[in-house]
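Colleague: Handing you this structure, nothing more for now.
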Amino acid sequence: MPAMPYHRVRDPDRLHALLDAVLAIETDLELTTLLTRIVEAAVDLVGARYGALGVLAAAGSGLADFVHVGMDPAAVASIGRLPEGKGVLGLLIERPEPIRLAELSTHPAAVGFPPGHPAMTSFVGAPVRVRGRVFGNLYLTDKHDPAGRPDPAGFDRDDEQLVTALASAAGIAVDNARMHAQVRELALLEERERIARDLHDVVLQRIFAVALSLQATEGRSGTDPDLARRVTDAVDSLDETVRQIRTTIFSLGAPPGPSSTLRAEVLGMCAEARRSLGFDPEVRFAGPVDAAAGGLAGDVLAALREALSNVARHARASFVSVSVTAVDGHLAVVVADDGVGPAPVAGSGVARGGGRGLPNLAGRAEVLGGSFSVSARPEGGTLLEWRVPLGR
Ligand SMILES: Nc1ncnc2c1ncn2[C@@H]1O[C@H](COP(=O)(O)OP(=O)(O)OP(=O)(O)O)[C@@H](O)[C@H]1O
Ligand SMILES: [Mg+2]
């Protein structure tokens, strides 16, 4: 930008007013309100009848937004449209430097006003830059004297300097407003993520625990059919609650983060499996699963993922139970389904299709000094057991 000849604004009252205006716009305001404040301050400071701030369109040319002060609403309505950034305004956009004119209509770039637009004579405008980039322009028209009469001399150099100062303060204020908006957005995202994680890791687990203990009483309430029915109803309604919470977690759009426990990951994986299975796996835990898992958590999850994917793809099951246990010095994943069962094959007794899933699990169990088996359940379906010793 070419160096501007420095011209001191002499009137201490106006300097005061400028400072007040700058302080007033340096607060956390919504952008349009902020822009309106800036224009109002500018109009007051230089004694203009009309003032406006045009925000440049991000792509191409022209104005995306336009805030104005001083124009009577009937005139605004009769003009019908906001300026597009042509004429002298276009000049401010193309060559973003302060412009001061005693008579707007005599400027070579002037294109005249649309029907219904009041005539305007004197003009002063300056670009508003945000972080070095032109954001828009602040301009004022029709200088008037303190009594409200048009001032034929138009705006002077003091006015131009004030408008330029206010335009640069406006740039900082806009930047500030944008940053505040970004911070708010970020805080909101973090909050959503935290809620989703709490729902997933804490609320769901507690509901599962309650449902499991209710299911355990179901067997014992056999003599009282009314009690048995109420317990079943309670479990059903917990199931429904879990489904709703999962939907909420899903719509919050936050995956459980690294703070997640093995239990939470297992529950999450089972919840996800619903989509491919068409029903919810039943999940049980026993023993200090999270504390025991340590570096084995990844293997446990890999075994579970493979087992659930096999059930979804091969078993044609209507029920799956998953249990993850840390008892008797072993960490185990046991997955049982009520599907077609592993096709028996002469010799081994269990089908070994061309797949890599089961051999991988067998190999991993062997490396860890554990055991692995896939067998037919007597009542039908398949039983997969992956077990490795703890504390080695
Ligand atoms: N739960 C199950 N019910 C019925 N059959 C199963 C079940 N799990 C595995 N099988 C059978 O055992 C075969 C071998 O499973 P494996 O996981 O090794 O391979 P895959 O699933 O076919 O392929 P991949 O795992 O490499 O994607 C399967 O093709 C399927 O026929
Ligand atoms: Mg498989």
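Colleague: Let me know the Rg and Dmax you get for segment 231-326 when you use only its Cα atoms, in Å.
Modeller: Over segment 231-326's Cα set, Rg and Dmax evaluate to 13.9, 39 Å.
Colleague: A further question follows. Can you tell which of LEU18, GLY339, LEU104 lies farthest toward the positive end of the dipole of the chain, using +1 and -1 charges on the Cβ of basic and acidic side chains (Lys, Arg; Asp, Glu)?
Modeller: Final value for the positive-end residue is GLY339.
Colleague: Springs between alpha-carbon pairs under 10 angstrom, Gaussian network model over the chain: which of ARG184, ARG356, ARG37 fluctuates most?
Modeller: Of ARG184, ARG356, ARG37, the most mobile in the Gaussian network model is ARG356.
Colleague: A further question on this structure: Using the Cα centre as the reference, give the magnitude of the dipole from point charges on the C-beta atoms of the chain (Lys, Arg: +1; Asp, Glu: -1; all else neutral), rounded to the nearest 20 debye.
Modeller: Here the chain has a charge dipole of around 1160 debye.
Colleague: If you split all Cα-Cα distances of segment 261-392 into 5 Å bins from zero, what percentages do you get per bin, shortest first?
Modeller: 2, 11, 22, 24, 21, 13, 6, 1, 0
Colleague: Under DSSP H, which helices of the chain have Cα atoms covering 15 Å or more of the helix axis and a Kyte-Doolittle average no less than -1.0?
Modeller: 12-25, 31-46, 157-198, 204-220, 225-252, 262-277, 297-310, 357-367
Colleague: So, one more: Under the rule of at least 5 residues apart or a separate chain, name every residue whose amide H is placed under 5 Å from the amide H of GLY341.
Modeller: When sequence neighbours closer than 5 places are left aside, the close amide H contacts are GLY381, THR382.
Colleague: At a 10 angstrom cut-off on C-beta neighbours, averaged per residue, how do the peptides 72-78, 30-36, 204-210, 330-336 rank from highest to lowest?
Modeller: The densest-packed peptide leads the list: 330-336, 30-36, 204-210, 72-78.
Colleague: Jot down the per residue volume, in cubic angstrom and as a whole number, of the convex hull over the alpha-carbon atoms of the chain.
Modeller: Spelled out: Cα convex hull of the chain, divided by residues, is 277 Å³.
Colleague: Next question, about the same structure. When LEU304, LEU140 are ordered from fewest to most other Cβ atoms inside 10 Å of their Cβ, what list results?
Modeller: Ranking LEU304, LEU140 by Cβ neighbours within 10 Å, fewest first, gives LEU304, LEU140.
All of the numbers you see were taken from the coordinates with simple rules; none came from a lab. Computed from a predicted model, the values in this text were never measured in an experiment. Every residue, glycine as well, gets a Cβ built from its backbone with ideal geometry; the counts of neighbours run over all protein chains shown.
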